Amino acid sequence: VQLQASGGGLVQAGGSLRVSCAASGISFKIFTMGWYRQAPGKQREWVARLSPGGSTDYQDSVKGRFTISRDNAKTTVFLQMNSLEPDDTGVYYCVAGVGINPSWWGQGTQVTVSS
């Protein structure tokens, strides 16, 4: 299983960024996909998840600003991040699994939001 994240970068506060994760080696359509992040000096935290049926869940701090979506034909999951804040800075990790517990983790992509 490979989860290849991309799209991170440096953006000013208030800006937008979209990170992507290309999955291979799994039956993409049947798994819940999600994103976690880890800020410097902090524990890794869950950000968003998207079920095979299309249900979404978000951490309270990103609700209304972030949108998770998936393209099953391209076996890719996206995280659109709007109105970014400095506290959104961190390494973003793509995950896949059944239900709420990830079974596979990708390498991270760095997102830095400057104030």
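Remarks
- Among residues other than residue 16 with Cβ under 15 Å from its Cβ, the summed charge is 0 (Lys and Arg +1, Asp and Glu -1).
- Neighbours of residue 53 by Cβ distance under 14 Å: Lys/Arg scored +1, Asp/Glu scored -1, total +2.
- Length-normalised contact order of segment 1-102 in % [C-alpha pairs under 8 Å, at least 6 apart]: 35 percent
- For segment 93-102, the Karplus equation 6.51 cos²θ - 1.76 cosθ + 1.60, evaluated at θ = phi - 60°, returns couplings of 10, 8, 9, 9, x, 10, x, 8, 9, x Hz by residue, with Gly and Pro reported as x.
- Averaged per residue, segment 5-115 has 50 square angstrom of accessible surface, using a 1.4 angstrom probe with ligands and nucleic acids left out.
- Only protein atoms count toward the accessible area here, which uses a 1.4 Å probe; on the chain, the carbon and sulfur part of that area reaches 47 percent.
- Nonlocal amide H pairs with residue 89, under 5 Å, H built at 1.01 Å: 113
- Descending by average beta-carbon neighbour count within 10 Å, the peptides 62-70, 38-46 line up as 62-70, 38-46, the highest first.
- Cα pair distances of segment 1-62 binned at 10 Å [whole percent]: 17, 46, 32, 5
- The Cα-based radius of gyration of the chain, divided by its Kirkwood radius, gives an Rg/Rh of 0.94.
The values are calculated or read from the model by the stated rules, or taken from the named source; none is laboratory data. What you see is a predicted model; the values in this text were computed from it and never measured. Methodologically, a virtual Cβ is constructed for each residue, glycine included, from the backbone with ideal geometry; neighbour enumeration extends over all protein chains shown. Surface areas here come from the heavy atoms of the whole protein model, side chains and all, with no ligands, DNA or RNA. Shrake-Rupley method; radii C 1.70, N 1.55, O 1.52, S 1.80 Å.
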